[in-house]
Structures are given as C-alpha cells and as structure tokens.
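All remarks here apply to the structure that follows.
The values are calculated or read from the model by the stated rules, or taken from the named source; none is laboratory data. Note that this is a predicted model, so its numbers are computed, not measured. Every residue, glycine among them, receives a Cβ derived from its backbone with ideal geometry; neighbour counts consider all protein chains shown.
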C-alpha cells in the first residue's frame with residue numbers, strides 16, 4: 001500500500017491534510033477580499049465549502065461524541081464529550097499531537 005493509499009484509508013490523516021488545506025484556503029480567501037477581487041474570493045469560497053464538507057465527513061469516521069466533530073484529529077480529549085464547564089478542548093491544537 002502506498003502512502004497516498006494509506007492516507008485515504010486513515011480518516012485522521014485525511015482530516016489532518018484537509019484541515020491544512022482549509023487553513024490555506026481561508027488565507028487565500030482573505031487575501032482576495034483584501035485585494036478587492038470578489039470573483040476570486042467567491043470561487044475560493046466555493047472550494048473552501050467543498051473541502052469543509054469533506055473534512056467534516058472524514059471526522060465522522062472516528063468521532064465517538066458530538067464534541068469530537070469540533071476537535072482536531074489529534075486531540076487527546078476525543079471520546080470524552082464536554083469537559084468541565086462545557087469546554088470542548090482545553091489545549092491549543094498544536095499541542096494536541098505531542099501528548
């Protein structure tokens with residue numbers, strides 16, 4: 001199995017890749033809006049919406065609680081539901097994969 005095939009079968013890895021693309025897409029949308037290029041911003045927004053739907057679908061494959069759909073794929077709180085005080089996650093996402 002190639003690494004690309006493994007990526008497509010591992011929902012968490014797919015979610016990580018899609019999240020990165022969403023972050024970059026948001027930056028591009030904001031740049032286009034700042035430059036006054038509404039047509040480009042609209043086109044990028046349509047792509048962003050499709051990527052976001054795919055990202056959410058990939059997260060459903062490993063989500064055990066509704067809150068898991070709001071957490072990053074490496075969050076150590078996956079499957080725990082709401083934390084104390086109704087908090088979804090108590091650490092920055094960049095720290096989640098290090099624990």
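Entry remark, region 44-82: residues being in contact with a helix residue (DSSP H, G or I) (Cβ under 9 Å, 6 or more places away or on another chain), more than 19 Å from residue 9 (Cβ to Cβ) and not in a helix (DSSP H, G or I) number 9 in total.
Inspection of region 36-43 identifies at least one residue that is farther than 25 Å from residue 72 by Cβ, outside any helix (DSSP H, G or I) and at pLDDT 95 or above.
Hey, can you tell me all the residues within region 42-68 that are more than 17 Å from residue 17 (Cβ to Cβ) and either surrounded by 12 or more Cβ atoms within 10 Å (Cβ to Cβ) or in contact with a strand residue (DSSP E or B) (Cβ under 9 Å, 6 or more places away or on another chain) (or both)? Selection gives 42, 43, 44, 45, 63, 65, 67, 68.
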